[in-house]
Amino acid sequence: MKTYRPTTQSRRNMSTLPYRKNLSGDKPTKSLLKSKKRQAGRNGFGRITTRHQGGGHKRRYREIDFKYNKRDIPAKLTTIEYDPYRSANIALAVYADGEKRYVLAPKEMKVGDIFVVSEDAPVKSGNRLPIGKIPVGTFIYNIELQVSAGSRLARSAGNYAQVIAHDAGYAQIKLPSTEVRRVSDLCWASVGSVGNEEHGLVKIGKAGRSRWMGKRPTVRGTAMNPVDHMHGGGEGRQGRGTRRAKTKWGKPSGKGQKTRNPKKYSNVFVVSRRKVGKRR
């Protein structure tokens, strides 16, 4: 981590990633860039559906290959680059036939390394193969939930899941949240873990840096009036006054509350729920 001389209180509590050491310094590939309109947390009617979003530095979207549908063609990592839309770094993969695609940069790989997407690929960091052919105990990332639908799980910086069992055409996978879930053996996953694991150690340091990232201020519920929030009101500093933490609209939130829909379609695939709160 890169720290700073404490010339101000903000600088005293600020840290950043050592980008010069982690990235190759190459500019983004123009053919894989596109503009993306900022929604600022609003839906098609212009109403705020996700609070605390807005502003931020201008960004261009990098098209990431999450489907990995080029099979049995080796690819070489030529650059490691920063992506403003995700916590993980990305790598430019150049396939043997000349096609270029962005992929998530694995932790153990560097510029010049080669990976392959194949049913017969060796179980080696960066390679991608069906989960049914990955041995128990292996760390994986970029995991599909439906065959050929693209990766959905374990895509953030430093994340990985672990194969803990194979049974009746399904693999049991322990996710980063500690949830154990069944996934079809026919779904694909990449071996290893996502790079840039130091991302979780970054200290923002000052409010302005959050605004650069498009994050607007968050007001505590206890600082509001009763009309504005379930935790509001009271003389001076008060506790929330209820057993469970709630959102502005009275729904359970955080602090170990169970917020998953009991009728969610994918409940049948969950072997054991994630551990929350003090138990975790």
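For the range 1-35, what are the residues that are under 23 Å from the mean Cα position of the chain (by Cα) and assigned to a helix (DSSP H, G or I)?
Tyr19, Arg20, Lys21, Asn22, Leu32 - these are the residues of the range 1-35 that are under 23 Å from the mean Cα position of the chain (by Cα) and assigned to a helix (DSSP H, G or I).
Is it true that Thr138 is closer than 30 Å to Ser24 by Cα and either among the aliphatic types (A, V, I, L, M) or modelled with pLDDT under 95 (or both)?
Yes.
Conditions (1) within 30 Å of Arg101 (Cβ to Cβ); (2) in contact (Cβ under 8 Å) with a residue 60 or more places away in the chain; (3) of a type outside the set (Gly, Ala, Ser), marked per residue:
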site	(1), (2), (3)
Thr16	yes, yes, yes
Lys27	yes, no, yes
Asn43	no, no, yes
Phe66	yes, yes, yes
Ile73	yes, no, yes
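Would you mind listing the strands (runs of 3 or more DSSP E) fully within the range 64-173 where at least 3 residues are within 17 Å of the chain's Cα centre (by Cα)?
Working: elements: 75-81, 90-95, 100-104, 128-130, 139-141, 151-153, 161-167.
Ranges flagged: 100-104, 139-141, 151-153.
Residues that are part of a loop (DSSP other than H, G, I, E, B) and more than 22 Å from the chain's Cα centre (by Cα): does the range 48-63 have at least one?
No, because not a single residue in the range 48-63 is part of a loop (DSSP other than H, G, I, E, B) and more than 22 Å from the chain's Cα centre (by Cα).
Taking Gly256 as the residue in question, decide whether it is assigned to a loop (DSSP other than H, G, I, E, B), touching a helix residue (DSSP H, G or I) at 6+ places or on another chain (Cβ under 6 Å), at pLDDT below 95 and exposed (fewer than 14 other Cβ atoms within 10 Å of the Cβ).
yes
Quick one: would you say Lys58 is loosely packed, with under 14 Cβ neighbours inside 10 Å, at pLDDT below 90 and closer than 25 Å to Val202 by Cβ?
No, not satisfied.
Mind counting the residues in the range 177-235 that are within 18 Å of the chain's Cα centre (by Cα), at positive phi and either in a helix (DSSP H, G or I) or surrounded by fewer than 18 Cβ atoms within 10 Å (Cβ to Cβ) (or both)?
Within the range 177-235, residues that are within 18 Å of the chain's Cα centre (by Cα), at positive phi and either in a helix (DSSP H, G or I) or surrounded by fewer than 18 Cβ atoms within 10 Å (Cβ to Cβ) (or both) number 2.
State the number of residues belonging to the range 203-233 that are more than 27 Å from Ser87 (Cβ to Cβ) and either without any contact (Cβ under 8 Å) to a residue 12 or more places away in the chain or hydrophobic (A, V, I, L, M, F, W, C) (or both).
Result for the range 203-233: 8.
The values are calculated or read from the model by the stated rules, or taken from the named source; none is laboratory data. Note that the structure is a prediction, hence the values are computed from the model and not measured. Neighbour counts run over all protein chains shown; Cβ positions are idealised from the backbone, glycine included.
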